[in-house]
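**Q** Below is the structure I would like to discuss, written out as structure tokens.
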Amino acid sequence: MSNQVFKKNFNQQEDISQEAIDAALKVLKSGRLFRYNNGENEVGETAKLEVEFASYMGSKYCLACASCGSALYLALKSIGVKVGDVVLCNSFTLAPVPGALENSGAKVVLVEIESENYTIDLVDLETKAIETKAKFLLLSHMRGHIVDMDKLMQICTRLNVKVIEDCAHTMGATWNGKKSGSFGIVSCFSTQTYKHLNSGEGGLLVTDDPKVISKAILYSGSYMLYDKHVSRPELSVFDEFKLETPNFSLRMDNLRAAILRVQLKTLDTQCQRWNERYAVVETILRTAKHLCCPKRHSKEGFVASSFQFSIENQSEDKIREFLAAANQSGLVIKWFGEKKPAGFTSSYKTWQYLITNFNLTNTDNILSKLCDFRLPLTFSLDDCKCVATIIKNLSDEIFS
């Protein structure tokens, strides 16, 4: 058995830069943390962030929210999902996604996933869209894996299915040169600590639709201060919705926005650094006899922040033995085949608030052998080589 031990923390993110700290201190010293507490003709940090992120995405509008989960909820409401409406969603995602769906009152129909790259199964998607007559798809780019967006959009356009993109794990990624998050009518990004921008908690909603953004701004809790938004349509668009839209108080504040504005400047560079770490791990794990790494489409300009692999042809007991040995070696590897949810890791079978019966044989088989670990930028390339080598050696020893 390998006796190599890894010493670093898988949950440790890089320090917030001094420039971002200075920006945060400026907001703190002003006392104006609330996004609408601005002087006359003053544009606050949150409004500036929205303009800058919309520009980064090549989109017309952006709304900064309390979290990605809250942004997803606002997206569902703003695109027109009502209680009882069928919303399709891939079965491999994280709990905030079904949480937003439950909050919206939608009837959730989960779609199978592909074994090669863990993305939504397009055949099952089309079948279920036709069978259920669903008009909405909440597409989760789970763990940064992007489905063939050309084929998906062809299906959804033909069947008149509106697409909401959950881009919590694909900020900065592309499909065929087009930004992830620019395919659907509305898209949502995360700035939670373990994502590509870090404000602890936070979400960014992006759309080109003036009615969607107007409703989202009102739902988010703008009161009658929506005119203070810079990333918005003409004020007349709000007139249709302003008296019938409840305030859900899901705003971002100026403190988090100030930190994020600084980080956005270096996002593409940071994405490149994540991919360098991913490449080191992938090169080694592709040589492991009993492990299978996901395939990447040539059009997928992915951005890594974690790594997934499948353990092939092994029993639950053997998988548990491997995970225990990895833990003893200092590695934090999560297993989606675990019966009970642990930390951030859960499967659709543990979302018992979704009142429906699912028959997802392919997904069950894929998740039963799927493992996952973080790749923080605090890991050097040598650290990544060490992690991957330990995983390969342990898998070779235990599964042979």
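**Q** Among the listed residues Gly44, Gly39, Gly31, which satisfies the condition of being modelled with pLDDT under 95 and among the small types (Gly, Ala, Ser)?
**A** Of Gly44, Gly39, Gly31, the one residue that is modelled with pLDDT under 95 and among the small types (Gly, Ala, Ser) is Gly39.
**Q** Restricting segment 107-120 to residues that are within 20 Å of the chain's Cα centre (by Cα) and over 10 Å from Phe92 (Cβ atoms), which is surrounded by the fewest Cβ atoms within 10 Å (Cβ to Cβ)? So that I can check it myself, show each step before the final result.
**A** Within segment 107-120, the first condition is being within 20 Å of the chain's Cα centre (by Cα), and the residues that meet it are 108-120.
After this cut, where a residue has to be over 10 Å from Phe92 (Cβ atoms) as well, the list is 108-109, 115-117.
Details: Val108: 21, Val109: 20, Ser115: 17, Glu116: 14, Asn117: 19.
By that ranking, first place goes to Glu116.
**Q** Please go through segment 119-165 and give me each residue that is of a type in the set (Val, Ile, Thr) and either outside any strand (DSSP E or B) or at positive phi (or both), ordered by number. Give the steps one after another, and end with the answer.
**A** Taking segment 119-165 and keeping what is of a type in the set (Val, Ile, Thr), we get 119-120, 123, 127, 130, 132, 146-147, 155, 157, 161, 163-164.
Within segment 119-165, Thr119, Val123, Thr127, Ile130, Thr132, Ile146, Val147, Ile155, Thr157, Val161 meet the criteria.
**Q** If you don't mind, another one. Just to be sure I understand, how many residues within segment 166-175 are part of a strand (DSSP E or B) and touching a helix residue (DSSP H, G or I) at 6+ places or on another chain (Cβ under 7 Å)? So that I can check it myself, show each step before the final result.
**A** Within segment 166-175, the first condition is being part of a strand (DSSP E or B), and the residues that meet it are 166, 174-175.
Now drop any that are not touching a helix residue (DSSP H, G or I) at 6+ places or on another chain (Cβ under 7 Å), which leaves 166, 175.
Selection size over segment 166-175: 2.
**Q** Here's something else I'd like to know. For segment 6-27, give me the residue count where each residue is part of a helix (DSSP H, G or I) and under 29 Å from the mean Cα position of the chain (by Cα).
**A** Number of matching residues: 9.
**Q** Only residues that are over 12 Å from the mean Cα position of the chain (by Cα) and over 13 Å from Met57 (Cα atoms): list them for segment 176-192, please.
**A** So the first thing to find is which residues in segment 176-192 are over 12 Å from the mean Cα position of the chain (by Cα), and the list is 176-179, 182-186.
Passing the criteria: Asn176, Ile185.
**Q** Let me ask something else. Criterion first (surrounded by fewer than 24 Cβ atoms within 10 Å (Cβ to Cβ) and over 30 Å from Leu394 (Cα atoms)) does Tyr73 satisfy it? Spell out how you get there, then give the answer.
**A** On the way: surrounded by fewer than 24 Cβ atoms within 10 Å (Cβ to Cβ): no; over 30 Å from Leu394 (Cα atoms): yes.
No; evaluated as a whole, the condition is false for this residue.
**Q** To continue, here is another question. Identify the single condition in (1) in a helix (DSSP H, G or I); (2) over 30 Å from Cys371 (Cα atoms) that Gly84 does not satisfy, given that it satisfies every other one.
**A** (1)
**Q** Name every residue in segment 176-224 that is part of a strand (DSSP E or B) and either surrounded by fewer than 24 Cβ atoms within 10 Å (Cβ to Cβ) or among the hydroxyl-bearing types (Ser, Thr, Tyr) (or both), in order of residue number. Don't jump to the end; show me each part of the working.
**A** Looking only at segment 176-224, we keep the residues that are part of a strand (DSSP E or B), and these are 178-179, 186-190, 203-207.
Within segment 176-224, Lys178, Lys179, Ser187, Ser190, Thr207 meet the criteria.
**Q** Let me ask another. What's the number of the condition Gly39 fails, among (1) farther than 14 Å from Leu260 by Cα; (2) in contact (Cβ under 8 Å) with a residue 12 or more places away in the chain; (3) surrounded by fewer than 24 Cβ atoms within 10 Å (Cβ to Cβ); (4) assigned by the TED database to the domain that holds Phe248?
**A** For Gly39, the failing item is (2).
**Q** For segment 252-283, which residues satisfy the criterion of being farther than 30 Å from Thr46 by Cβ, surrounded by 18 or more Cβ atoms within 10 Å (Cβ to Cβ) and over 20 Å from the mean Cα position of the chain (by Cα)?
**A** Initial filter on segment 252-283 (farther than 30 Å from Thr46 by Cβ): 276-283.
If we keep only those that are surrounded by 18 or more Cβ atoms within 10 Å (Cβ to Cβ) as well, we get 277-278, 280-282.
If the condition is that a residue be farther than 30 Å from Thr46 by Cβ, surrounded by 18 or more Cβ atoms within 10 Å (Cβ to Cβ) and over 20 Å from the mean Cα position of the chain (by Cα), then Val280, Val281, Glu282 are the ones that fit.
**Q** Go through segment 52-68 and give me each residue that's surrounded by fewer than 24 Cβ atoms within 10 Å (Cβ to Cβ) and not hydroxyl-bearing (Ser, Thr, Tyr).
**A** Narrowing segment 52-68 to residues surrounded by fewer than 24 Cβ atoms within 10 Å (Cβ to Cβ): 52, 54-60, 66-67.
Listed by number, the residues that qualify are Glu52, Ala54, Met57, Gly58, Lys60, Ala66.
**Q** Moving on. Within the group Phe322, Phe248, which residue is more than 26 Å from Leu377 (Cβ to Cβ) and either without any contact (Cβ under 8 Å) to a residue 12 or more places away in the chain or assigned to a helix (DSSP H, G or I) (or both)?
**A** Numbers: Phe248 fails: either without any contact (Cβ under 8 Å) to a residue 12 or more places away in the chain or assigned to a helix (DSSP H, G or I) (or both).
Going through Phe322, Phe248 in turn, the sole match is Phe322.
**Q** Where residues in segment 350-365 are under 16 Å from Ile113 (Cβ atoms) and under 20 Å from the mean Cα position of the chain (by Cα), which of them is surrounded by the fewest Cβ atoms within 10 Å (Cβ to Cβ)?
**A** Going residue by residue through segment 350-365, those that are under 16 Å from Ile113 (Cβ atoms) are 351, 358-365.
Then drop every residue that is not under 20 Å from the mean Cα position of the chain (by Cα), which leaves 351, 363.
Details: Trp351: 19, Thr363: 27.
Among those residues, the one meeting the criterion is Trp351.
**Q** Take the residues in segment 130-153 that are over 21 Å from the mean Cα position of the chain (by Cα) and under 16 Å from Ile185 (Cβ atoms); name whichever of them is surrounded by the fewest Cβ atoms within 10 Å (Cβ to Cβ).
**A** Once the filter is applied, the top-ranked residue is Lys135.
**Q** Test Ala279 against the criterion of being under 23 Å from Leu74 (Cβ atoms) and either at pLDDT 95 or above or small (Gly, Ala, Ser) (or both), and give yes or no. Reasoning before the result, please.
**A** Numbers: under 23 Å from Leu74 (Cβ atoms): no; either at pLDDT 95 or above or small (Gly, Ala, Ser) (or both): yes.
Considered against the rule, which asks whether it is under 23 Å from Leu74 (Cβ atoms) and either at pLDDT 95 or above or small (Gly, Ala, Ser) (or both), Ala279 comes out as no.
**Q** Here's a follow-up. Would you tally the residues in segment 348-366 being under 23 Å from Lys107 (Cα atoms) and either in a helix (DSSP H, G or I) or in contact (Cβ under 8 Å) with a residue 40 or more places away in the chain (or both)?
**A** As a first pass, look at segment 348-366 and keep what is under 23 Å from Lys107 (Cα atoms): 348-364.
Next cut, either in a helix (DSSP H, G or I) or in contact (Cβ under 8 Å) with a residue 40 or more places away in the chain (or both) only: 348-351, 353-354, 356, 358, 360-364.
Number of matching residues: 13.
The values are calculated or read from the model by the stated rules, or taken from the named source; none is laboratory data. Every value quoted in this text rests on a predicted model; they were computed, and no experiment measured them. Don't worry about glycine lacking a Cβ; one is built from the backbone with ideal geometry, like all the others, and counts go over all protein chains shown.
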